[in-house]
Each structure stands twice: as structure tokens, then as C-alpha cells.
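Data first, discussion second: the structure below is written as C-alpha cells.
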Amino acid sequence: GPKVLQIPSHQIIDMGQMVTLNCDPVSNHLYFYWYKQILGQQMEFLVNFYNGKVMEKSKLFKDQFSVERPDGSYFTLKIQPTALEDSAVYFCASSLDTANTEVFFGKGTRLTVV
Amino acid sequence: QQQVRQSPQSLTVWEGETAILNCSYEDSTFDYFPWYHQFPGESPALLIAIRPVSNKKEDGRFTIFFNKREKKFSLHIADSQPGDSATYFCAASGGNEKITFGAGTKLTIKP
């Protein structure tokens, strides 16, 4: 089936540094999402993105977070600067239409901030 | 604010039994209720979903029962198999274009 690819699968970074998580969504999809999952806990919505704009973001989407998808390339989540509490698995997802249709998830990027 | 509550946190059943996973929600604007499953190291993947026009949706061994009045829905896995062992997430979405997930149920099927 359709696949969402996330690069890298693991990332270890020093606190205070910048990190960019990359997502290659399903090719004809229009809606993009980032979710955060701390080990053993539920997936928490961070942000969704459509037509080049953030549609909605949660309280977890701090000022240090930003998303973009320049010229239809990777959909990225940038954290600058990183903090220890940013350590989690970040899932990218995409859907053809809104979240009221099937949403496809990537395998996640495990981010460890040390 | 936890809008989707899921129970139990973990569940173990014997092979061949029916596993029952439960969820409830608060937001009346939710109109799409998917269940996702996730195997270790893999992506969450859509298993089955229901919209409030129905109170039951079946797909093979998997059935969603939906109670709009009580704002509850459940996933029944009949004739459970060891390969069904995974973490199951219920979820809900509405016009705000995001999926809100429950906390997950870690299901273990014992052979």
C-alpha cells in the first residue's frame, strides 16, 4: 500500500542544537501531519499542514518548532533549539483528503536529545 | 484534555477467544472513528473505521460496535490469533482535520 517514508529512523542530538526531521508523504496526498509519541504513551497531535500552510497546531507545538514543505519536496519538522523533553518518536502522516479519511503513517523518527 | 479514553491499557486473551477493546469520547463533533494497530517498530496502520450513521461495522474477524448516545465504541476481535498481538489505538476526528488518539491497548494473544 501507500507508504510514508521518514528519514532518519534514529537521531541523537545535543541539547540546544537544531534538528530537522524529514518526511516523504504519499505522492498525491494533500494533508500532512506530525505526531509525537513518548515511549509507552499515546500519540499526541502536533500540527497539520495543507496547501502550504499550518492549519492547526497543538500546545505541544512550541515556538521552537516549525514545519514546511518547500516546492513539494520533503515535509519537514524543525526543532531549534532542542530540549531534553523533545526526546520522543515523531510520526509523520499524510492523507489524500482530511483526517476523516484514511491517514497513512510513517515508521517514525526516534529523537534522543542528550 | 484527553478527548478519547481507551481501556484496558493491556489485555491478554487465549487464541480463539474474542478480544474486546473499549473507547469513549467527549466531543460531539467527532464523526469518524478509526482503529489503528501498531506492531513493534512499524507504523500505525488503519485496521477498520466507522462513521456515526452506523452502529456496527464488520471486516472479517474485526467488528466495531458504536453507541452514539453513550459516546462509546469498541473493537471486537473474534477468533483471535497470535499474529493479532499488537498495540491497538482507537481514534476520532471531526471537522478540525486532525485525529485524536486514545492511549492504546497492548493486546497479547496466548497460543
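Data overview
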{"read-out": "Accessible area buried between chains A and B, both sides summed, probe 1.4 Å, in Å² to nearest 100", "value": "1800 Å²"}
{"read-out": "Eligible aspartates and glutamates near B:Lys56 by straight Cα distance, threshold 19 Å, same-chain separation 8 or greater", "value": "A:Glu102, B:Asp31, B:Glu70, B:Asp79"}
{"read-out": "Calculated P(r) tail over 21 Å for chain A, as whole % of Cα pairs", "value": "29 percent"}
{"read-out": "Links that overshoot a 31 Å alpha carbon limit, given the list A:Lys53/A:Lys107; A:Lys107/B:Lys68; A:Lys53/B:Lys72", "value": "A:Lys107/B:Lys68; A:Lys53/B:Lys72"}
{"read-out": "Set of lysines near A:Lys62 by C-alpha distance (under 16 Å), chain-local residues within fewer than 8 positions excluded", "value": "A:Lys36, A:Lys78"}
{"read-out": "Inter-part distance where region B:1-76 and region A:6-69 are each reduced to a Cα centre, Å", "value": "25 Å"}
{"read-out": "Heavy-atom accessible surface of chain A: percent carbon and sulfur, 1.4 Å", "value": "51 percent"}
{"read-out": "Accessible area per residue, Å², region B:4-110 with all protein chains present, probe 1.4 Å", "value": "46 Å²"}
{"read-out": "In region B:22-59, the GluC sites (Glu not before Pro) that fall in loop regions by DSSP, at most 16 other Cβ within 10 Å", "value": "B:Glu26, B:Glu42"}
{"read-out": "Rg over Rh, two decimals, chain B (C-alpha only, Kirkwood Rh)", "value": "0.95"}
{"read-out": "Estimated vicinal HN-Hα couplings, Hz - region B:22-33 in sequence order (Karplus 6.51, -1.76, 1.60; Gly, Pro = x)", "value": "10, 9, 9, 9, 10, 7, 5, 7, 4, 9, 8, 10"}
{"read-out": "Calculated FRET efficiency for the pair B:Ala45/B:Glu15, C-beta based, R₀ 35 Å, to 0.05", "value": "0.95"}
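The values are calculated or read from the model by the stated rules, or taken from the named source; none is laboratory data. Quantities reported herein were computed from a predicted structural model and do not represent experimental measurements. Reconstructed Cβ throughout: ideal geometry from the backbone, glycine too, with neighbour counts over all protein chains shown. The area values use the complete protein model at the heavy-atom level, side chains included, leaving out ligands, DNA and RNA. Shrake-Rupley method; radii C 1.70, N 1.55, O 1.52, S 1.80 Å.
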